[in-house]
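**Student:** Questions regarding the structure given below will be posed in turn.
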Amino acid sequence: MHSTFGGCGYVGQQVACHEIADGGDVCALVRTVDSVAQLADLGITSRQVDFDQDVPVLALQLTDQVLYWFVPPPSHGDQDQRLARALAAIEPGALPRRIVLVSTTGVYGDCQGEWVNETRPLNPQTARGRRRAHAEQLARRFGQQQGIPVVALRVPGIYGPGKLPLARLRSGTPVLAPEFSPWSNRIHVNDLVTVCLAAARKVDPAPAYNVSDGHPTTMTDFFFQVADAYGLPRPPAISWAAAERQLSAEMRSYLAESKRIDNTLMKEDLGVVPDYPNLASGLGALDH
């Protein structure tokens, strides 16, 4: 299978390596020369392209390819102009056969701890969430206009090798006291890679899949479990009032949303049952 990767970082590299191992041809579109060199060391062909430029710097010929889109939206505004430019750069006569868009569960906004499946209306309440929802809208409109399946993967927090808050724990940064901490959701990177590959291959896929291990915990419990697994002191727990003073605006925005992600469709329709269905199993598989 031929595939093009918009962005090829922590998750994208692993998906790309699986595609290559499966006999596929892969090309990644990345922003920096350093990324081109890093991917070359992994055996991944790539091209440098900056989707922050107003005028597309290349014409994308993606005939019969899967376009994996990992590029995050810009860090400001309510729209994803990077994806808009990428879609505009696709040659009309050289369309991909499918787009797999990595989105976020943040598009649902605060759900007050309720279980959330894919039928829930999008209600992003942060600029970050609105940019992701805009990306889904852009991709969906493009797919409808061109007759191309678009699969949005709504992904929560990702953890795995090299993707744990160990530096934060060692610094003693506080967390919200357990009684105040909202529900949050996680997925092990290996399971996310499996989901991405399945989304590229599924016959008649759903338009969106929630991606999670299916066992939500609180944000505070996540930090406590990681600390325990690595023999680090648990971080101090503080009140909401103290969190307003001591935690970053970004962290406070995550703590302002509470939801439990239902992954039934991922398991029953996409056919992916997580190898790591909870934090304990995922953390236990990592080198400590």
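The values are calculated or read from the model by the stated rules, or taken from the named source; none is laboratory data. Just so we're clear, the structure is a prediction, and the values are computed from it rather than from any experiment. So basically every Cβ, Gly included, is an ideal-geometry build from the backbone, and we count neighbours across all protein chains shown.
**Student:** For the range 102-132, give me each residue that is outside any helix (DSSP H, G or I), touching a residue at least 40 places away in the same chain (Cβ under 8 Å) and touching a Gly at 6+ places or on another chain (Cβ under 9 Å). Explain how you work it out, then say what you get.
**Tutor:** Initial filter on the range 102-132 (outside any helix (DSSP H, G or I)): 102-104, 109-126.
Filter again for touching a residue at least 40 places away in the same chain (Cβ under 8 Å), leaving 102-104, 109-118, 125-126.
Across the range 102-132, the qualifying residues are Val102, Thr104, Gly109, Gln125, Thr126.
**Student:** Of all residues in the range 85-122 being acidic (Asp, Glu) and farther than 30 Å from Leu58 by Cα, which is surrounded by the fewest Cβ atoms within 10 Å (Cβ to Cβ)?
**Tutor:** Of the range 85-122, the ones acidic (Asp, Glu) are 91, 110, 114, 118.
If we keep only those that are farther than 30 Å from Leu58 by Cα as well, we get 110, 114, 118.
Values: Asp110: 17, Glu114: 13, Glu118: 19.
Among them, the one singled out is Glu114.
**Student:** Would you point out which residue out of Pro92, Pro121, Pro96 is over 30 Å from Gly284 (Cα atoms) and modelled with pLDDT under 95?
**Tutor:** Working: Pro121 fails: modelled with pLDDT under 95; Pro96 fails: modelled with pLDDT under 95.
Criteria check complete, one pass: Pro92.
**Student:** Restricting the search to the range 128-169, which residues are over 26 Å from Asp213 (Cα atoms) and surrounded by fewer than 17 Cβ atoms within 10 Å (Cβ to Cβ)?
**Tutor:** As a first pass, look at the range 128-169 and keep what is over 26 Å from Asp213 (Cα atoms): 138, 141-148.
Answer for the range 128-169, where residues must be over 26 Å from Asp213 (Cα atoms) and surrounded by fewer than 17 Cβ atoms within 10 Å (Cβ to Cβ): Arg141, Gln144, Gln145, Gln146, Gly147.
**Student:** Only residues that are within 19 Å of Val211 (Cα to Cα) and out of contact with any Gly (no Cβ under 9 Å at 6 or more places or on another chain): list them for the range 74-100, please.
**Tutor:** Val100
**Student:** So Ala59 ticks every box in (1) within 22 Å of Ala139 (Cβ to Cβ); (2) crowded, with 16+ Cβ neighbours inside 10 Å but one. Which box is left unticked?
**Tutor:** (2)
**Student:** Quick one: is Leu83 closer than 11 Å to Ala139 by Cα, in a strand (DSSP E or B) and under 18 Å from the mean Cα position of the chain (by Cα)?
**Tutor:** Numbers: closer than 11 Å to Ala139 by Cα: yes; in a strand (DSSP E or B): no; under 18 Å from the mean Cα position of the chain (by Cα): yes.
In short, no.
**Student:** Here's something else I'd like to know. For the range 63-70, indicate whether the set of residues that are touching a strand residue (DSSP E or B) at 6+ places or on another chain (Cβ under 9 Å), assigned to a loop (DSSP other than H, G, I, E, B), under 24 Å from Pro161 (Cα atoms) and not aliphatic (A, V, I, L, M) is non-empty.
**Tutor:** Keep residues of the range 63-70 that are touching a strand residue (DSSP E or B) at 6+ places or on another chain (Cβ under 9 Å), which gives 63-70.
Applying the additional criterion that residues be assigned to a loop (DSSP other than H, G, I, E, B) yields 63-65, 70.
From the residues that got through so far, the ones that are under 24 Å from Pro161 (Cα atoms) too are 70.
Filter once more, keeping what is not aliphatic (A, V, I, L, M): 70.
Yes, the conditions are met somewhere in the range 63-70.
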